[in-house]
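*Asks:* The structure is given below, and queries will be raised subsequently.
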Amino acid sequence: MKVTIKLFAILRRDRFDTRVFQFEEDTTIYDILDRLNIHTEDAAIVFVNGKHAELEQKLLDGDVVSIFPPIGGG
Amino acid sequence: MVVKIKMDAHNILDFLRENAIDGVLSHKIIEYAVKITKLSFQEIERISLTKGLIPKRYLRNQRVIKRVEQLALLNSCVAIVGCGGLGGYTIEMLARLGVGQLICIDPDYFREEDLNRQRFCNLNTLGQLKAEVIKEELKNINPAVVVKAHTSSFLPEIGETLLAGAQVVVDALDSFEARTDLAETCRRLSIPLVHGAIAGWYGQVSVQEIESNKLIDLFKSSCGKRELQRELGNPSFAPPFISAIQVAETIKILLQKDNNLLLNKLFFFDLLTFSFELGQL
C-alpha cells in the first residue's frame, strides 16, 4: 500500500519533507517511526489524514501521515 | 482643547456628549472626566460606550469590533499564564484591543537573554518582575485596563484563585509539565484555554474545548520529552506571530464569534519553509 509521510521542523533534517512510501499491510505508525529512525520521544504529534492518531494505529492505502516534534517554548 | 465646563459624576454624560466630535472622545476629554469625577478610566469608557460614544483609541477597531462588542471586551477578563515571549505580546494586544481585566501570572524576572524577544524586557526593566513591569507599562498603553499581577508560579493548588473571574485563559508557558497543570485546571473550571508554543522557526496554536481532554493528553504525553526550544531557542519573530493568532482566537471566544475556532484543532507553523498543517486533535 502507498502511504505519504510528511515530516515537520527538525524531523526533516537528514530525511525529507514529504515522500511516498510503499508499505506492507498492517504497518503501524510506530513501525514507520522505527523505519525512519525517529525516536518516539521526538514525535509529539502524529496526524493521519488530518486527525490525531495513536502510534499503534494501522495505516491504510492512501493515508497521509504528518509527524511533528514537541514544541513547548513560550 | 480647553475645557471650561464644570462637572461632577451626575452630569458626566452631558459633558462627554458635548465634548465628543462625531461621537468620538479624545483621550484628553476622558482624562479630564476621570480627574474631575474621580471615576476610573474604565468607568468613564463604560459610560461612553454604553451611551453610544467611542473613545478615539478604539476608532480603528470599529470595522472589526462594533461598539457593543467593544463594551463587551471592556467587561471581559482574560488570564495570561506566562509573561515572557508569547505572554508579553498577547497582553499588549489584549490591552490595546480594550479587554478590561487582565490577570498576568509569572514568577520570573527579566534577564538579559530575554532581550532578544520579550516585549516588555529592556535595559530599564532587567532584573524586575515581569508581571509587575507589565502592570506598570500597561498604564501608559491603556489606563482603562485593570491588571492583576501575580508573581507566583502557576500551581494547580492555587489555580482557581489565580484564574478567578477569567473567561478565557491564554497559555504562554514554557514547559509541558506546567501546561498539563494549566490545561487540567481550565478543564476542571470549565474555562476555554488558548494554547500557543514556539521553538526556533516553528510554532503551534490550539484551543481547548471546555469538555475535552485532548490537549491535556497531548501535554501529558510530551512531559519529559526533549523539547525543541531548548535546542533551537526562540528568535524575535516567533512570539508575536503565534501570539497574534492566540489573541484573535481569544477575542473570538469573548465575542462569541464561534466560526472557525481552532477548537480541538492544532495549527502547526514552519516559518522557515513557510509550510503549515491543521489537524484535528
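*Asks:* Identify the single condition in (1) within 14 Å of chain B (Cβ to nearest Cβ); (2) surrounded by 14 or more Cβ atoms within 10 Å (Cβ to Cβ) that A:Glu54 does not satisfy, given that it satisfies every other one.
*Replies:* Failed condition: (2).
*Asks:* Quickly run through the stretch B:264-279 and pick out the residues that are in contact with a helix residue (DSSP H, G or I) (Cβ under 9 Å, 6 or more places away or on another chain) and closer than 16 Å to B:Glu209 by Cα. Walk me through how you get there before you give the answer.
*Replies:* Of the stretch B:264-279, the ones in contact with a helix residue (DSSP H, G or I) (Cβ under 9 Å, 6 or more places away or on another chain) are B:264, B:266-273.
Once the filter is applied, which keeps residues that are in contact with a helix residue (DSSP H, G or I) (Cβ under 9 Å, 6 or more places away or on another chain) and closer than 16 Å to B:Glu209 by Cα, the stretch B:264-279 yields B:Asn264, B:Leu266, B:Phe267.
*Asks:* Same structure, new question: Does at least one position in the stretch B:236-251 carry a residue that is modelled with pLDDT under 90 and assigned by TED's automatic domain parsing to the domain that holds B:Ala178?
*Replies:* Restricting attention to the stretch B:236-251, the residues satisfying the condition of being modelled with pLDDT under 90 are none.
Scanning the stretch B:236-251 turns up no residue that is modelled with pLDDT under 90 and assigned by TED's automatic domain parsing to the domain that holds B:Ala178.
*Asks:* Another question, if that's okay. Checking the condition of a type in the set (D, E, K, R) and not assigned by TED's automatic domain parsing to the domain that holds B:Gly200, which residue from B:Arg60, B:Arg96 passes?
*Replies:* Working: B:Arg96 fails: not assigned by TED's automatic domain parsing to the domain that holds B:Gly200.
Answer to the check: B:Arg60.
*Asks:* Out of curiosity, is A:Phe16 among the aromatic types (Phe, Trp, Tyr) and farther than 20 Å from B:Gly279 by Cα? Before the answer, list the steps.
*Replies:* Working: among the aromatic types (Phe, Trp, Tyr): yes; farther than 20 Å from B:Gly279 by Cα: yes.
Yes; evaluated as a whole, the condition is true for this residue.
*Asks:* Scanning the stretch B:38-55 for residues that are among the polar types (S, T, N, Q) and within 16 Å of B:Ala20 (Cβ to Cβ), which turns out surrounded by the most Cβ atoms within 10 Å (Cβ to Cβ)? Break it down stepwise before answering.
*Replies:* Going through the stretch B:38-55, the residues among the polar types (S, T, N, Q) turn out to be B:40, B:42, B:48, B:50.
Of the ones still in play, those that are also within 16 Å of B:Ala20 (Cβ to Cβ) are B:48, B:50.
Working: B:Ser48: 28, B:Thr50: 13.
This residue is B:Ser48.
*Asks:* Considering only residues that are of a type in the set (A, V, I, L, M), surrounded by 24 or more Cβ atoms within 10 Å (Cβ to Cβ) and under 19 Å from B:Leu263 (Cβ atoms), which ones fall in the stretch B:173-204?
*Replies:* B:Leu182, B:Ala183, B:Leu193, B:Val194, B:Ala197
*Asks:* Here is a further query. Please go through the stretch A:50-74 and give me each residue that is touching a strand residue (DSSP E or B) at 6+ places or on another chain (Cβ under 7 Å) and more than 26 Å from B:Thr180 (Cα to Cα), ordered by number.
*Replies:* A:Lys58, A:Leu59, A:Asp61, A:Gly62, A:Asp63, A:Val64
*Asks:* Then there's this: I need the full set of residues from the stretch B:202-235 which are out of contact with any strand residue (DSSP E or B) (no Cβ under 7 Å at 6 or more places or on another chain), of a type in the set (Ser, Thr, Tyr) and within 8 Å of chain A (Cβ to nearest Cβ), in order please.
*Replies:* Matches in the stretch B:202-235: B:Ser221, B:Ser222.
*Asks:* Consider only pairs whose beta carbons are under 6 Å apart and that are at least six residues apart or on different chains; among these, list those whose first residue lies in the stretch A:49-68 and is in a strand (DSSP E or B) and whose second residue is not hydrophobic (A, V, I, L, M, F, W, C).
*Replies:* From residues that are in a strand (DSSP E or B), the pairs are A:Lys51/B:Gln280; A:Lys58/A:Asp26; A:Lys58/A:Thr28; A:Val64/A:Thr4; A:Val64/A:Asn49; A:Ser66/A:Lys6; A:Ser66/B:Glu277.
*Asks:* Grab the strands (runs of 3 or more DSSP E) fully contained in the stretch B:155-222, keeping just those with 3 or more residues being in contact (Cβ under 8 Å) with a residue 24 or more places away in the chain and over 15 Å from the mean Cα position of the chain (by Cα). Can you show your working first?
*Replies:* Numbers: elements: B:168-171, B:193-199, B:202-208.
Those strands (runs of 3 or more DSSP E) span B:193-199, B:202-208.
The values are calculated or read from the model by the stated rules, or taken from the named source; none is laboratory data. Being a predicted model, the structure only gives us computed values, none of them experimental. Please note: Cβ atoms are built from the backbone with ideal geometry, for glycine as well, and neighbour counts cover all protein chains shown.
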